[in-house]
């Protein structure tokens, strides 16, 4: 049996290729609030949302400080080297400033629709 524990202390039950938790209501999304798309250090180059993998039925919107939509993703998953198909947005094209990230998602355990937002700063 494979048991994993996430940052919220929740563990999955049976061995699986995926982490399956009994109650996703206890899982908290964390939208990282900094993007530094310089490419020099390979850190914070893209939008990252902790625990988004537990809520595959999601919509993520990035808007600028005036409310103008910049990008919208359906079924967002984090950008990384293991997910090469997520090359649909060039974060280095964003100008320095503040943006708002809005995540709307469904809690699969209870079917509840939830929403969370976070101010994101882009620095270069």
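For the range 33-42, name all the residues that are assigned to a loop (DSSP other than H, G, I, E, B) and either touching a residue at least 24 places away in the same chain (Cβ under 8 Å) or in contact with a strand residue (DSSP E or B) (Cβ under 8 Å, 6 or more places away or on another chain) (or both).
Matches in the range 33-42: 33, 36, 37, 38, 39.
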Within the range 104-113, restricting attention to residues that are in contact (Cβ under 8 Å) with a residue 24 or more places away in the chain and touching a strand residue (DSSP E or B) at 6+ places or on another chain (Cβ under 9 Å), which residue is farthest from residue 55 (Cα to Cα)? 112
Look through the range 43-60, keep the residues that are touching a residue at least 40 places away in the same chain (Cβ under 8 Å) and under 14 Å from residue 94 (Cβ atoms), and return whichever of them is farthest from the chain's Cα centre (by Cα). 45
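Here is a yes/no grid of residues against (1) surrounded by fewer than 12 Cβ atoms within 10 Å (Cβ to Cβ); (2) out of contact with any strand residue (DSSP E or B) (no Cβ under 6 Å at 6 or more places or on another chain); (3) assigned to a strand (DSSP E or B); (4) at pLDDT below 95:
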| residue | (1), (2), (3), (4) |
| --- | --- |
| 44 | no, no, no, yes |
| 56 | no, yes, no, yes |
| 62 | no, no, yes, no |
| 70 | no, no, yes, no |
| 84 | yes, yes, no, yes |
| 87 | yes, yes, no, yes |
| 99 | no, no, yes, no |
| 102 | no, no, yes, no |
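Of all residues in the range 32-42, which are at pLDDT below 95 and surrounded by 15 or more Cβ atoms within 10 Å (Cβ to Cβ)? Explain how you work it out, then say what you get.
Quick first cut of the range 32-42, residues at pLDDT below 95 only: 35-42.
Answer for the range 32-42, where residues must be at pLDDT below 95 and surrounded by 15 or more Cβ atoms within 10 Å (Cβ to Cβ): 35, 36, 37.
The values are calculated or read from the model by the stated rules, or taken from the named source; none is laboratory data. Because the structure is predicted, anything quoted here is derived from the model rather than measured. Methodologically, a virtual Cβ is constructed for each residue, glycine included, from the backbone with ideal geometry; neighbour enumeration extends over all protein chains shown.
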